Amino acid sequence: MHIVVCIKQVPDSAQIRVHPVTNTIMRQGVPAIINPYDLFAIEAALALKDQLGGKVTVLTMGPPQAEAALKKALSYGCDDAVLVTDKLFAGSDTLATSYVLASAIRTLDQENPVDLVLTGKQTIDGDTAQVGPGIARRLKLELLTYVSRIVRVDPAARSIRVERRAEGGVQVLETRLPALITMLEGSNEIRFGSAPDLFRAARAQVRRWDRNAAGIEDITKVGLKGSPTIVSRVFVPSSRARKALQIGFDPANPEVATQALLDKLLAEFPKVKKELDNKRAAAGERHE
Amino acid sequence: MTQNIEKFDVIVVGAGPAGNAAAYTLAKAGKKVLQLERGEYPGSKNVQGAILYADALEQLIPDFRDSAPLERQVIEQRLWVMEDESYVGATFRSDRFNQMPGNRYTIIRARFDKWFSEQVQKAGALVICEMTVIALLRDESGKVIGVEVDRKDGKIYADTVILADGVNSLVASRAGLRQDIKPAAVALAVKETVFLPRETVEARFNLKGSEGVVIEMLGSISQGMAGTAFLYTNKDSISVGIGCMLSDMKAQNTTPAELLEKLKTHPSVAPLIAGGETREYAAHLIPEGGYKALPGLYGEGWLLVGDSAGFVNAVHREGSNLAMISGRLAAETLLELGEKGLPSSAANLARYKARLEDSIVLKDLKKYRNIPETLDSQRQFLTDYPALLNDAAHEFFTVDGRDKASKEKAIFNAFRERRSLLGLLGDAYRLWRATR
Ligand SMILES: Cc1cc2nc3c(=O)[nH]c(=O)nc-3n(C[C@H](O)[C@H](O)[C@H](O)COP(=O)(O)OP(=O)(O)OC[C@H]3O[C@@H](n4cnc5c(N)ncnc54)[C@H](O)[C@@H]3O)c2cc1C
């Protein structure tokens, strides 16, 4: 099995603050981390390697500093790391990024055929969830998004079965390899690498690919030029914090308290009330 | 399957100033050095904002000013003796002192430690973060031969282990190399970084370019406990903090957070930090037991450097410089042994202690060896005198109907009432003794 995990280095958004006076984002001292959703993809890949053997390659497109994220991934136990970095890539949107990563994966595939590509379900700094599907489309990989569990991979039969979180339940899906999976949060917990893994990561040479090494064919498709997305405005949403409501409660009389709570809630959300009333009416009709 | 990690000449535990100085010196001399740090990166665990004394670093990296992340060169030192609503202060600002190259700088430790670690890595040491040393490995004779870390297959061997793991040095305590620190030998300090626009910092402190100010404070702000407070200017932030002996805090049942809140609302401090956004609250212990509280500094195969050895001069708020000097001296001792082909036995490592005795590390700690006890038993230095001084200034500067001679007499009487004539003389003597 050769599994490629695409990760992104992002600023730790939990530590980003907006300056109260100037309203600008204060990035100073905010540490860069691996996009938290990508950790689930890394762990899923490592678990598959534990089970089936093979190799896990981590891949990222980013500035030279992104090497730290790749080294971190190696310290969890990934085998190989590739940083695709080129000044031309600056300003790439999701379309351009998926083009670059798809080209790099194609190059990796020539070295060692790729069976599975994993990513997080989205990034915390872009929140688009577009890059994974973009890669799958370009490489004609089977696409499985929002996967909560990889049930089984059968390398001989070239098949994979996963559980996918969907509205209203869990879908069990099976498809062929090669495939691309975007992993849902909470699906696993990243491991604590062993001492030898950390030594290996500390000494590892992360491979750096520029546009040529990555096999980019059309440079008009990368960077700002290749990015049709326009960010028209960035603003700080006004805070939605509201005071908590307090409702009196008599422990001897839970029904009354529940009713009071419901009344308050329904008064707050008239749409829900209307729906409930309609349902009730419909149910009532049936009873008659 | 266990994978073996190869053996090193030296393992340095901790990547603060002490560990970095040791690892840098050894790696530069071609030793095979492994440095382990429990934080996510060097500096991530270290209290923000501090004074860097240039000399100790200059001895290691003479051109550090070209690349180190320095915040401001300290060109003005203020000392404030405080009462609840006032202070009496002294200021030192001198063109002679402020000539380049500077003698002291404000730094943000997280950034500085990271930079220092990069120099260590460039010098050739292998630095691994997020690895916590949990125990020392020993051979049958009891000699330390390596460390064990908190990860699978985590036994790593070396000829010598340098413990630079800071004030708590759990490793040393657990291995029985030193006792747990006593509350009376350690201060608990809290510190906050208050962010303000650069221009505001410069306007409030009358600074230009990269000039900076340090204010040291003592008096009523420590509520009778042995302690001091400080305020430093960084580029676009201000570090403000206070530290008191842990034993005092316990006795008075105060928390450092309460002390800091009070300090920040003091009428002399509040306007300096007004309107800023507070980030990076941190609490940290400082070993302040001084010379008399020092543990054994070396043994079979191991050495203690920096805070883990208790090298802090509380009176002058010097810690990181003593850490760097002791780290360098430990490294130089090992290099000397290496040249002579001698093993890291306790007898040979005694040379480390001799080097320390010869440096400001032990010379200064020895000079101030009686300070902790004096302050502990003679609280008037922290309570009566600051109050008297402020009252005296109030009296002295109030121009009213009374003549100057009567004013001076009133001031003197106030001192005598509170401390008695003999008490005053005794205090002068005690203070003189404590600093001999
Ligand atoms: C609030 C405050 C203000 C101060 N201001 C000043 C100042 O202005 N000027 C000054 O010179 N000094 C100052 N000091 C003192 C100074 O910070 C210390 O003396 C100095 O940091 C000591 O350096 P060190 O390398 O010995 O220890 P540290 O800087 O504490 O570094 C120890 C390192 O070891 C790591 N570590 C600990 N245990 C383990 C383990 N088991 N395994 C792996 N790694 C481990 C820690 O994560 C840490 O990075 C101040 C201290 C405080 C608390």
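The values are calculated or read from the model by the stated rules, or taken from the named source; none is laboratory data. Predicted model only: the values in this text are computed from it and were never measured. Cβ coordinates were reconstructed from backbone atoms using ideal geometry, including for glycine residues, and neighbour counts include every protein chain displayed. Calculation scope for accessible area: heavy atoms of the full protein, side chains included, ligands and nucleic acids excluded. Shrake-Rupley method; radii C 1.70, N 1.55, O 1.52, S 1.80 Å.
Can you give me the Cα centroid spacing of the range B:134-151 and the range B:162-179 in angstrom? Centre-to-centre distance over Cα atoms comes out at 13 Å. The angle between the Cα long axis of helix B:256-265 and the main principal axis of chain B comes to about 40°, on a 0 to 90 degree scale. For the peptides B:185-198, A:215-228, A:136-149, the ranking by packing is B:185-198, A:136-149, A:215-228, with the highest mean count of neighbouring Cβ atoms within 10 Å listed first. Over the C-alpha atoms of chain B, the Rg to Rh ratio, Rh being the Kirkwood estimate, stands at 1.01. Identify the residues of the range A:155-189 with backbone N under 18 Å of a label point that sits 7 angstrom from the Cα of A:Lys279 along the Cα-to-Cβ direction, or state none. From the range A:155-189, the list is A:167-169. The share of Cα pairs per 5 Å bin across the range B:29-146, counted from zero up to the longest distance, runs 2, 9, 14, 15, 15, 13, 10, 8, 7, 4, 3, 1, 0 percent. For the range B:184-287, the dipole from Cβ point charges (+1 on Lys and Arg, -1 on Asp and Glu) about the Cα centre works out to 40 debye, to the nearest 20. In degrees between 0 and 90, to the nearest 10, how far off the longest principal axis of chain A does helix A:254-268 point, with axes built from Cα atoms? The two axes meet at around 70 degrees. If the elastic network links every pair of Cα atoms under 10 Å, which of A:Val30, A:Val117, A:Val272 fluctuates the most in the Gaussian network model of chain A? Top of the fluctuation ranking is A:Val272.
Annotation for B:Glu199 and B:Arg402: the two label points, set 7 Å from Cα along the Cα-Cβ direction, are 4.7 nm apart.
In order along the range B:353-363, the Karplus-derived 3J(HN,Hα) couplings, from 6.51 cos²θ - 1.76 cosθ + 1.60 at θ = phi - 60°, round to 4, 4, 5, 5, 4, 8, 10, 5, 4, 7, 4 Hz, and Gly and Pro are given as x. Across the accessible surface of chain A, with the other protein chains kept in place and a 1.4 Å probe, carbon and sulfur atoms take up 53 percent. Report the calculated FRET efficiency for B:Leu424 and A:Leu265 (r = Cβ-Cβ distance, R0 = 56 Å), to the nearest 0.05. Result of the calculation: an efficiency of 0.15. Remark: the range B:13-28, residue by residue, has Karplus-estimated 3J(HN,Hα) of 9, x, 10, x, x, 5, x, 5, 4, 5, 5, 4, 4, 5, 5, 5 Hz, where x stands for each Gly or Pro and the curve is 6.51 cos²θ - 1.76 cosθ + 1.60 at θ = phi - 60°. Annotation: amide H of A:Leu118 within the under-5 Å range of A:Val4, A:Val5, A:Cys6, A:Ile181, sequence separation 5 or more or interchain, hydrogens built in the peptide plane.
If you take the beta carbon distance between A:Glu111 and A:Phe235 as r and set R0 to 45 Å, what does 1/(1 + (r/R0)^6) give as a FRET efficiency, to the nearest 0.05? It comes to 0.50.
Take each peptide in A:275-281, A:71-77, B:209-215, B:255-261, count the other Cβ atoms within 10 Å of every residue, and average; sorted highest first, the result is A:71-77, B:209-215, B:255-261, A:275-281. For the segment A:196-203, counting C-beta atoms of other chains within 10 Å of every residue's C-beta and taking the mean gives 5. Accessible surface area normalised per residue over the protein assembly as shown is 49 Å², counting heavy atoms of protein chains with a 1.4 Å rolling probe. Averaged over peptide B:148-158, the number of partner chain Cβ atoms lying within 10 Å of each residue's Cβ comes to 3. Distance from the alpha carbon centroid of the range B:13-51 to that of the range B:299-341 works out to 13 angstrom. Close amide-amide hydrogen proximity is noted between B:Ala135 and B:Glu148, each under 5 Å apart and 5 or more residues distant or on a separate chain (H modeled in the peptide plane; Pro and chain starts excluded). For A:His2, B:His284, the ranking by accessible surface with the largest value first comes to B:His284, A:His2, using a 1.4 Å probe. In a fully extended conformation the segment linking B:Arg138 and B:Arg93 would gain 10.9 nm over its present Cα-Cα distance, using 0.36 nm per residue.
The DSSP beta bridges internal to the protein assembly as shown are antiparallel in roughly 60% of cases. Between the range A:212-237 and the range A:83-148, the C-alpha centres lie 14 angstrom from each other. In chain B, helical runs assigned H by DSSP with n ≥ 4 each contribute -39500 (n - 2.57); averaged across all residues and rounded to the nearest 500, the mean residue ellipticity at 222 nm is -10500 deg cm²/dmol. Tell me the total accessible area that A and B bury against each other, 1.4 angstrom probe, in square angstrom rounded to 100. Rounded to the nearest hundred, the buried surface is 1900 Å². Taking the helices alone, chain A has a mean residue ellipticity at 222 nm of -10500 deg cm²/dmol, built from -39,500 (n - 2.57) per DSSP H run of at least 4 residues and averaged over all its residues. Residues whose amide H falls under 5 Å from that of B:Phe8, counting only those 5 or more places apart or on a different chain, are B:Tyr157, B:Ala158, B:Asp159, with hydrogens built in the peptide plane. Peptides A:157-165, B:68-76, ordered by how many other C-beta atoms sit within 10 Å of their residues on average, highest first, read B:68-76, A:157-165. Here the label points at B:Glu357 and B:Asn206, each 7 Å from Cα along the C-beta direction, are separated by 4.8 nm in the simple model.
Between B:Arg178, B:Arg418, B:Arg317, where does the largest GNM mean-square fluctuation fall for chain B, given springs only between Cα atoms within less than 10 Å? It is B:Arg418. In this label model, A:Glu217 and B:Glu6 are separated by 4.4 nm, measuring between points 7 Å along each Cα→Cβ vector.
With θ taken as phi - 60° and the Karplus curve 6.51 cos²θ - 1.76 cosθ + 1.60 applied, the whole-hertz 3J(HN,Hα) list for the range B:267-275 is x, 8, 9, 3, x, 6, 10, 4, x Hz, x standing for glycine and proline. Taking the DSSP bridge list for the range A:2-221 and keeping only pairs wholly inside it, about 40 percent are antiparallel.
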